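The values are calculated or read from the model by the stated rules, or taken from the named source; none is laboratory data. Quantities reported herein were computed from a predicted structural model and do not represent experimental measurements. Cβ placement follows ideal geometry from the backbone for every residue including glycine, while neighbour counts extend to all protein chains displayed.
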């Protein structure tokens, strides 16, 4: 029997496994990098072991350190979570060789399926060789052979881009998974991403726990997932389940795994088998009423599964809450998470708590918000309500995008579920949310009310000029009122009902709404809206050099384009350098055609947002530098 589990992972999945272990009376051990010394998963474990001697981005890939930590802490089992070493057969063997129980599939099954190229060959599907790709094959998809989560994945539409994209994907895969092998396959435009959850014991029982739809993706990484996949023809669904079961039996699979497909034009294309627990496993748990982590532990102990899985019930949807800015190329965000609360009665799997800091080294996912209801329509309504009531104060997040997504007619109707959803709809989904201008009014009135009595005004017989404040790009004008409060003059139709520094009630065209208002330096959160506060005074010397190329996010310069040097002519959109932030590579391109007059980026340099990376001057700027 397992008594103590070390989770060879961090963040949300470590906390998720710990929760089940506590329920089962199993002790827990966390491992952590120096960057994670104060992380939630470390605080929640019964014991924690520092992984020494490696950079934060590499620490969790050091299997030797993890095994040593398990032995030092007295653990008798290791759960790999997802990502990092979860699909590393050598690590699984090292765990077993150390006398520890491996909570995962046999190493041979991992080797057969964790490499997407070998998995395809096992099923009789030959991937394209990069050297054989011609213009007639395009578009193609470059993918990492190990791991997933969108890392090491690139779409190539032009023959001349293939070399650079292969190089970028390989570098990203090596950083994320310790394996830089990549391959090429045909790219199916706007297909549905559908997958099958498997659970297998060591006695030959294989459960196929239905389907999931994970089509809403950005940068090939899932954003919203649901179970079961809606609208699949019965024959197609049966085929998916059958293929998944055959794949598991072909390799003697044991444990939890997922087989992924791309569905287009009524046909299913095999993508890969992930030999681990998936990020989106909670939606299957909610539909089938099971705890997949508890079942993983039982299978690892040698216990048999019942002959048949439980019957499914209802519908579940999961939204991944990320610290990122969808309107700025999904740029990851860092900083202090001042306040983070999800509503009671809603499942939220997270690796963060109020006061934690979001760093630059790891994936920017803050939490998964999961709901279950009798029907898909009820589940989407429940999820939207949960997202509305989620409080997240700190860096920019994708909360408003998630809310707009689940309410979008294309998604709500399930008639246009495909991986191109965000390509088509992103501008509309990232528009300022309705009512943001009134949240700005609440922020202005709350500030005016701070520290000056009930309303902070002081009415005078001589009518004063309007005060003007700007929040989130919305200009607000107001003046002291006769009752000691404030009168809003712009936008029109707004009346202050009650005001205090932390709470403001507004009557907008006869409808009263309440806003909780909290300020943090250069941002204000008011009624679920995050509003930037412009500086009141600007330094006239603080001007960027014409043609400046600034870092869009905090990160590390991983490479510069081959042969790039000051004095070179560059064209608009030409890749100049690559930043790594939160285990993803971000390409930085020339903003316009011109001459590279400065290059401050060097591989290994860590940069903050706004750091000067390079300068590209156009001919017009060169002629008139002022």
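Quick notes
- Residue match in the stretch 294-308 (condition: under 30 Å from residue 423 (Cα atoms) and surrounded by 21 or more Cβ atoms within 10 Å (Cβ to Cβ)): no
- In the stretch 23-58, residue modelled with the lowest pLDDT [restricted to those that are surrounded by fewer than 17 Cβ atoms within 10 Å (Cβ to Cβ) and closer than 19 Å to residue 336 by Cα]: 56
- Test: residue in the stretch 145-155 that is in a strand (DSSP E or B), touching a residue at least 24 places away in the same chain (Cβ under 8 Å), within 24 Å of the chain's Cα centre (by Cα) and buried (at least 19 other Cβ atoms within 10 Å of the Cβ): no
- Residues being within 17 Å of the chain's Cα centre (by Cα) and over 11 Å from residue 322 (Cβ atoms) - total across the stretch 375-392: 2
- Residues located in the stretch 191-228, provided they are in contact (Cβ under 8 Å) with a residue 60 or more places away in the chain and not in a strand (DSSP E or B): 191, 201, 202, 203, 205, 219, 220, 228
- Candidates are the residues of the stretch 473-491 that are at pLDDT below 95 and not in a strand (DSSP E or B); the one that is surrounded by the most Cβ atoms within 10 Å (Cβ to Cβ) is 485.
- Which listed residue, of 128, 65, is under 28 Å from the mean Cα position of the chain (by Cα), more than 19 Å from residue 18 (Cα to Cα) and not assigned by TED's automatic domain parsing to the domain that holds residue 217: 65
- Test: residue in the stretch 320-337 that is buried (at least 16 other Cβ atoms within 10 Å of the Cβ) and touching a helix residue (DSSP H, G or I) at 6+ places or on another chain (Cβ under 7 Å): yes
- Hits in the stretch 229-265 (condition: without any contact (Cβ under 8 Å) to a residue 24 or more places away in the chain and under 25 Å from residue 416 (Cβ atoms)): 234, 235, 238, 265
- Any hit, the stretch 280-291, residues being modelled with pLDDT under 95, in contact with a helix residue (DSSP H, G or I) (Cβ under 7 Å, 6 or more places away or on another chain) and within 26 Å of residue 6 (Cβ to Cβ): no
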